[in-house]
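Working notes, structure below.
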Amino acid sequence: MTAAQPSPPAPEPAPAPSFPLRWERREPPLPAAAVLAVGDAVPGLAAAALERVREGARLGVLADDGPGLPAADRALLVLGAEADLPWADGARYLGRDAGLLLPTTARPVPAAPLWRRAVGAAEGQLCVLVPGRALVADVPAPVTSPDALDALTRPAGADPDGPGSAPPPRGSAASPWSARR
């Protein structure tokens with residue numbers, strides 16, 4: 001019987017390529033496919049999205065507003081046809097480029113196709129890249145009911161039915177996503 005020989009250590013995986021993200025002006029701008037609000041702009045975009053849905057727009061909505069998340073880090077993404085998208089102070093319109101949602105008037109450098117993989121987006125997932133933030137999520141179903149957006153327009157802790165009533169569940173309007181800074 002021979003003594004077992006220790007196996008050589010497994011090679012270290014090659015480090016992922018690292019490169020800085022820069023932004024340059026895009027001309028002409030991309031057509032709008034979504035609008036993103038962060039921090040103080042979230043309530044205004046939520047209210048505007050609710051109004052557009054009441055008018056018949058079909059919008060996809062993703063909210064990053066979990067418990068304990070500082071108000072400055074809350075985010076709301078609204079997707080839809082350009083003519084259906086709401087407008088709100090402080091929100092930013094996004095367009096599609098190489099499978100990413102990017103600011104309509106900015107282009108990432110290096111090129112957009114490299115960033116989708118760099119932020120870890122799987123095939124079929126939504127990937128948003130804006131200065132200071134990358135967001136990855138599953139694509140939401142369109143919201144056609146104002147009730148589905150109602151929870152996003154109420155201040156935190158507010159009860160729409162008065163004291164003693166339990167708040168309604170969030171429904172499909174709020175979906176988890178992962179944020180990378």
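The values are calculated or read from the model by the stated rules, or taken from the named source; none is laboratory data. None of the values given here were measured: they were computed from a predicted structure. Please note: Cβ atoms are built from the backbone with ideal geometry, for glycine as well, and neighbour counts cover all protein chains shown. Side chains included, ligands, DNA and RNA excluded: accessible areas come from the protein's heavy atoms. Shrake-Rupley method; radii C 1.70, N 1.55, O 1.52, S 1.80 Å.
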**Item:** Mean accessible surface per residue for region 69-108, computed with a 1.4 Å probe while every protein chain stays in place, in Å²
**Value:** 44
**Prompt:** What per residue convex hull volume, in Å³, do the alpha-carbon atoms of region 60-124 yield?
**Reply:** 136
**Message:** Could you check the spin-label model distance between Asp73 and Glu55? Points 7 Å from the Cα along Cα→Cβ, value in nm.
**Reply:** 3.4
**Request:** Please name which of Ala41, Leu76, Val61 has its Cα lying farthest along the dipole of region 36-82 towards the positive end, using unit charges on Cβ (Lys, Arg +1; Asp, Glu -1) and the Cα centre as origin.
**Result:** Val61
**Prompt:** In percent, what relative contact order does region 28-89 have, based on Cα pairs under 8 Å that are 6 or more apart in sequence?
**Reply:** 51
**Item:** Accessible area (Å², 1.4 Å probe, nearest 10) - Val38
**Value:** 50
